[in-house]
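The values are calculated or read from the model by the stated rules, or taken from the named source; none is laboratory data. This one's a predicted model, so the numbers in the text were calculated from it and none came from an experiment. A quick note on method: Cβ atoms are made from the backbone with ideal geometry, for glycine too, and the neighbour counts reach across all protein chains shown.
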Amino acid sequence: MRAAGSTLTFSRSPLPEALAGLAALGYTTVELAALEGWAHVAPSRLAADFPAEAAAVRRALAVAPLRVTALNAGLGDVDGAEGLRRAAALFRLAATLGALVVTLPAGPSGAPLDAAAGRLQPLVAEAARYGVTLSVETHIGALTEDPAAAVALCRRVPGLKLTLDPSHYWAGLPQGQGWEAVLPFVAHVHLRDAGLGGWDAIQVWPGKGEVDFRRVAAALRAAGYRGGCAVEYIDTLPVVGGGTAAEAAAEMARQAEAWGLPSAETAGTGGSDLRGDR
């Protein structure tokens, strides 16, 4: 399979079981969830005892065996020094594992751009210390739900990139229009079909929704995109049209092979224990 699988497809399971589930679906690369209070790596624990937490992740990956191409992260309800401490641990883990992109939330819709930029700029600088790219996801309810705001945020924070999730640009406010403006800033892509009906239509069986993935793939190629992509069907959300999140994730990966998106096997390769030891 060319796309990576998200461990959120098995968010209810411990990391070793989630990785085993993705391997059973045929994935060889994964996007690792590091979402405080949810799955699968807690940034607070990672920051408190990096050697032990990182070793546990490495052991689970070795057993699967799978390789991490990106981290999908959330720091929890913290900011300032504690937020930076947790983020630095995530960037260190990403560098150690060879994952070149860490995705974090952009902040809520309607928040002042200057405040969001001020919060994200130190994180971008910290990520760069580890050779990692920080991106924020295009997401319903976030600043980035509006493509114009997403672009404005990236322009205010040099080095900040976007994780493009087209499902949010079809189910959300853009309704499949105007999202191409974000393409110059895209560093990672999430794949999941969706309808046009808001959050209730955010996760649809592949091919039964409205997202024009061939158009998305063609636009990314035309923009010179060289990053990776991850299938993100989440087991805590229903799949409109039937099937489980795992079944939908397997089907989406099969369909994605025909779109000409970059391979997860060639995006974010490498990694260095020396970078991770900073």
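The criterion of being surrounded by 24 or more Cβ atoms within 10 Å (Cβ to Cβ) and either in contact with a helix residue (DSSP H, G or I) (Cβ under 8 Å, 6 or more places away or on another chain) or closer than 25 Å to THR138 by Cβ (or both) does not hold for ALA54. Taking the criterion of being in contact with a Gly (Cβ under 9 Å, 6 or more places away or on another chain) and either of a type in the set (Lys, Arg) or under 11 Å from VAL240 (Cβ atoms) (or both), the residues of segment 178-198 that qualify are ARG192, ASP193, ALA194, GLY195. Take the conditions (1) under 23 Å from HIS139 (Cβ atoms); (2) part of a loop (DSSP other than H, G, I, E, B); SER13 misses just one of them, which is (1). Which pairs do you get when a residue that is closer than 21 Å to ASP79 by Cα, found in segment 21-40, comes within reach of a residue that is surrounded by 23 or more Cβ atoms within 10 Å (Cβ to Cβ) and among the polar types (S, T, N, Q), reach meaning Cβ atoms under 6 angstrom, with the pair 6+ apart or on two chains? As it stands, the answer is ALA33/THR7; ALA33/ASN72; HIS40/THR7, since those pairs meet every condition given. Would you point out the residue of segment 1-39, among those that are charged (D, E, K, R) and touching a strand residue (DSSP E or B) at 6+ places or on another chain (Cβ under 7 Å), that is farthest from LEU90 (Cα to Cα)? Taking the candidates together, the pick is GLU31.
Residues in segment 95-111 that are modelled with pLDDT of 95 or more and not small (Gly, Ala, Ser): THR96, LEU97, VAL101, VAL102, THR103, LEU104, PRO105, PRO108. A search for C-beta distances below 8 Å between a residue of segment 201-213 that is among the small types (Gly, Ala, Ser) and any residue that is part of a loop (DSSP other than H, G, I, E, B), counting only pairs 6+ apart in sequence or on different chains, returns ALA201/ALA194; ALA201/GLY195; ALA201/GLY209; GLY209/ALA194; GLY209/GLY195; GLY209/GLY241. Here THR103 fits the description: touching a strand residue (DSSP E or B) at 6+ places or on another chain (Cβ under 6 Å) and touching a residue at least 40 places away in the same chain (Cβ under 8 Å).
Taking (1) under 22 Å from ILE140 (Cβ atoms); (2) crowded, with 18+ Cβ neighbours inside 10 Å; (3) at pLDDT below 95 in turn, GLY268 satisfies each apart from (1).
Any residue at all in segment 62-78 that is surrounded by fewer than 18 Cβ atoms within 10 Å (Cβ to Cβ), among the hydrophobic types (A, V, I, L, M, F, W, C), at pLDDT 95 or above and over 26 Å from LEU162 (Cβ atoms)? The answer is yes; a qualifying residue exists.
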